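One structure is given here, and the rest of the page talks about it.
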Amino acid sequence: MNVLVCVKQVPDTTEIKIDPVTNTLIREGVPSILNTFDTYALEAALRLKDSEKAKVTVISMGLPKAKDVLKEAISVGADEAYLVSDRSFGGADTLATSYTLTRTIQFLEERSGEKFDIIFCGKQAIDGDTAQVGPEIAEHMGYAQVTYATEVEVKNGKAIVRKDTDDGYCVLAARLPCVISVTKAPYELRFATIKGKLRANRAEIETLSNDVLKIDPEKIGLKGSPTKVKRSFTPELKKAGVVLSGDDPGAMGAKLMGMLRDAKIL
Amino acid sequence: MDFKLNEVQLAVRDAARTFAEKYVRPRIDEIEKAEEFPQDLFDVMAEMGLLGVPYPEEHGGIGAGYVATAVALEEIGKVSASAATLLTVCYLPLDAFHLFANETQTEKYLVPGIAGEYRGSFAFTEPGTGSDPKQLTTIAKKVGDKYYISGTKRFISNAAYPGPMVVFAKETENEQCTAFIIDKFCKGYSLSNAWDKVSLHGSHVYDVFLDEVEVGEEDVLGAHGQGFDILIGTTAYGKLAFSAVFTGTMGGSYDMAVKYAKEKMHRDKPIAKFPTVQSRIAQIAANVMAAKLCLYKAAADADEYAGDIRKIQCSTALIKGYISDLAVETNVLALNVHGAYGVTAEYQVERMVRDSLVAPNIEGSADIQRLIAGGYILRSKEGYFDANF
């Protein structure tokens, strides 16, 4: 069995600040981590390594320093990792990103002559929060997809997936190959052993640029991104409301009416 | 001079830091109050590879040497001296096996010990002696091809867990001190309740009563009469390990004192602005630096002079005596930065002080360390310590 995990390096904060001038995320001074949901996607893949002896390949699209999260993935048990990095990939929206990742997956499959049975993604990245890349990869690949997965096992050539829903959960079967996006699950993630860290330090991580991948330049980076960000802003915090209290509802109602008139709401 | 850790040492430090910060720190209260150190945390420690840091890869260890071992213990000691002490007392029998076990014993004890399959024990101390084999009262009586060990061992860690225990006893036939490996909870093995003590609440010690515990020739560790060498050889590394634990407590209390000094307001300004506080912080920082330099030098000696156990013992005794006293002084200084809050459990620095109180009295007292080191230095023609290093 052969599985692949898409991961992203993200700023270690859930309180992203936005530069009011450039409307972009302020990343300076914020340490980078492996996206939280991706750690669960990786764990799901590694559980298949434990149970099915699956080979686990990890890819990440990003800057050269994203190799850190790929090494982290290797330190907990991933077999190999590739960085997808090229200046021409910069500025990609989810469509261009998912297309680039899809072409990378196909490139790796062609080069090795082996198909990936399952492509795992985290449910969403905690910096962009779109939750679109996983499903878009499934569309590009023409594969079945299951989102909000918490548990995955393989039986009779199908992925049996426990999927979180608003009301509880359901268990779905998907034909392989498929794409599964994983959400937080109620189990402990595995940790890196000392030997795992050493293996990761010594691992060669190949960088796949577009010179190698040869993806249509019209479909990558800014050019391949139909999404245009008009404006990003931090919503102003609302001031605390006024609480009227007293024993006489009539008098309080009158006071409220007066305040609304003063504020020119009425 | 390069103080940077190498790649392997960094990997060990990172693992120890992750273990301490992610797994131990959230459960300190539980560790301090539980009757035993939680098994699941011990399992994490083992799985990470921390039990095997100094031992060869061929036996399942990391083969990272003693600088890496010291760094790991220091990292854990910063957060919990009890957790670091657990690792240290597990190293003691493992060091004995690593240094003195034959091939069969290595497979039987060292390999599963590194894998965390048991928590081993090292039993020399008795009610009447802590360092002198001549004073041992535990005896091994030979009957046929068996030995029957009887006696009382004091302050023994991990005694309430199954697994091997290295026991030192005087052979009745010839009065020589020999180390035997017994299986805890075998026939004739019993133990007291855990000692109630001021330090290391998460690390439990017991008295062990041995009543005609039967062992065979295959359970002799090293050679007959080699007990003293085994004691010296093993505790040479034990002194280093405990020095690392208490250097860790100093680093932990230093971090707490600096944080408190910056946050605690007095007359509308942080107390960090007051000269007396600055002076105390500087003293603590200097002590931490001194302890770390001593620790790493002795650890580097342990790596460099492997095979020359007396040279290593001189070096580790020298720093154990020094760091033990320095840890108490430094942690009290850090507590005093906290004022009256320092003695409250909420601020944790009191735990560092309490835990370090045992430093001058564990693994050989600070006084005897100085006697050991001084003796080596003055008796030896070669000079065990060279001030021109």
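The values are calculated or read from the model by the stated rules, or taken from the named source; none is laboratory data. The structure presented is a predicted model; accordingly, all values stated were derived computationally and were not measured. So basically every Cβ, Gly included, is an ideal-geometry build from the backbone, and we count neighbours across all protein chains shown. These area figures cover heavy atoms from the full protein model, side chains too; ligands, DNA and RNA do not enter into them. Shrake-Rupley method; radii C 1.70, N 1.55, O 1.52, S 1.80 Å.
Can you give me the long-range amide H partners of B:Leu221? Hydrogens built in the peptide plane at 1.01 Å from N, cutoff under 5 Å, separation of 5 or more residues or another chain.
The list, which skips near neighbours in sequence, is B:Ala179, B:Phe180, B:Ile181.
What value, in deg cm²/dmol to 500, does the helix sum -39500 (n - 2.57) over DSSP H runs of n ≥ 4 give at 222 nm once divided by the residues of chain A?
Numbers: 7 runs with 81 residues, N = 266.
Here the helix-only value at 222 nm equals -9500 deg cm²/dmol.
DSSP loop GluC sites (Glu not before Pro) in the range A:49-149 with at most 16 other Cβ atoms within 10 Å of their Cβ, which ones? List each step's numbers first, then the result.
Details: sites: A:Glu52, A:Glu72, A:Glu80, A:Glu109, A:Glu110, A:Glu114, A:Glu136, A:Glu139; in loops: A:Glu114.
Passing both the DSSP loop test and the Cβ count: A:Glu114.
Report ³J(HN,Hα) in whole Hz for each residue of the range B:38-51, in order, from the Karplus equation J = 6.51 cos²θ - 1.76 cosθ + 1.60 where θ = phi - 60°; Gly and Pro get x.
Those phi angles translate into x, 4, 5, 6, 4, 5, 4, 4, 5, 5, 5, x, 5, 6 Hz.
Express the carbon and sulfur contribution to the solvent-accessible surface of the range A:2-219 as a percent, rounded to the nearest whole number, probe 1.4 angstrom.
Its accessible area is 48 percent carbon and sulfur atoms.
Going by average Cβ density within 10 Å per residue, which order do the peptides A:37-43, A:220-226 take, highest to lowest?
Sorting A:37-43, A:220-226 by mean packing, highest first, produces A:37-43, A:220-226.
How much accessible area is lost when chains B and A come together, counting both sides, with a 1.4 Å probe, in Å² rounded to the nearest 100?
Values: alone 17150 and 15680 Å², together 31700 Å².
By this definition, chains B and A bury close to 1100 Å².
Have a look at A:Asp117, A:Asp129, A:Asp164 and tell me which one the Gaussian network model of chain A (Cα, springs below 10 Å) gives the largest fluctuation.
Sorting by GNM fluctuation, first place goes to A:Asp129.
Over what distance in Å are the Cα centres of the range A:53-90 and the range B:266-304 separated?
40
What is the average number of partner chain Cβ atoms found within 10 Å of a Cβ in A:197-205?
3
From the phi of every residue in the range B:322-329, what ³J(HN,Hα) in whole Hz does the Karplus formula 6.51 cos²θ - 1.76 cosθ + 1.60 yield, where θ is phi - 60° and glycine or proline is x?
6, 5, 4, 5, 5, 5, 4, 4
Residue by residue, what Karplus-based ³J(HN,Hα) values in Hz, rounded to whole numbers, does the range A:50-61 have, using 6.51, -1.76 and 1.60 with θ = phi - 60° and x for Gly and Pro?
So the Karplus estimates, Gly and Pro as x, are 5, 8, 10, 6, 5, 7, 10, 10, 10, 10, 9, 9 Hz.
Can you list the residues of the range A:201-225 with backbone N under 19 Å from a point 7 Å past the Cα of A:Arg87, pointing along Cα to Cβ?
A:207-225
How much accessible area per residue does the protein assembly as shown have, in Å², with a 1.4 Å probe?
Solvent-accessible surface per residue comes out at 48 Å².
Pull up the DSSP beta bridges for chain A and report the antiparallel fraction as a percent, rounded to 5.
Within chain A, antiparallel bridges account for around 40 percent of the total.
Please report the antiparallel percentage of the DSSP beta bridges confined to the protein assembly as shown, to the nearest 5. Write down the numbers at each step before the final one.
On the way: 46 of 78 bridges.
The antiparallel proportion sits near 60 percent.
Under a Cβ-Cβ cut-off of 13 Å, what is the net charge of the residues other than B:Glu58 that fall near it, where Lys and Arg count +1 and Asp and Glu count -1?
-3
I need the peptides B:301-313, B:113-125 ranked by packing, meaning the mean over residues of other C-beta atoms within 10 angstrom, with the highest value on top.
Averaged packing, sorted descending, gives the order B:113-125, B:301-313.
Which of rounded, prolate, oblate describes the range A:2-219, given a ≥ b ≥ c as roots of the alpha-carbon gyration tensor eigenvalues and a/c under 1.5 marking rounded, otherwise prolate only if a/b is larger than b/c?
Taking the square roots of the gyration eigenvalues as a ≥ b ≥ c, the range A:2-219 is rounded.
For peptide B:59-69, compute the average count of partner chain beta-carbon atoms within 10 Å of each residue's beta-carbon.
If you average over the peptide's residues, the count of other-chain Cβ atoms is 1.
Can you tell me how the range B:185-236 classifies by the Cα gyration tensor, rounded, prolate or oblate, using a/c under 1.5 as the rounded cut?
oblate
For the cross-link pairs B:Lys197/B:Lys320; B:Lys142/B:Lys197; B:Lys141/B:Lys297, which exceed 31 Å when the distance is taken from alpha carbon to alpha carbon?
Beyond 31 Å between Cα atoms: B:Lys142/B:Lys197; B:Lys141/B:Lys297.
Shape of chain B from its Cα gyration tensor (a ≥ b ≥ c, root eigenvalues): rounded if a/c is under 1.5, otherwise prolate when a/b > b/c, or oblate?
Because a/c hits 1.5 or more and a/b exceeds b/c, chain B counts as prolate.
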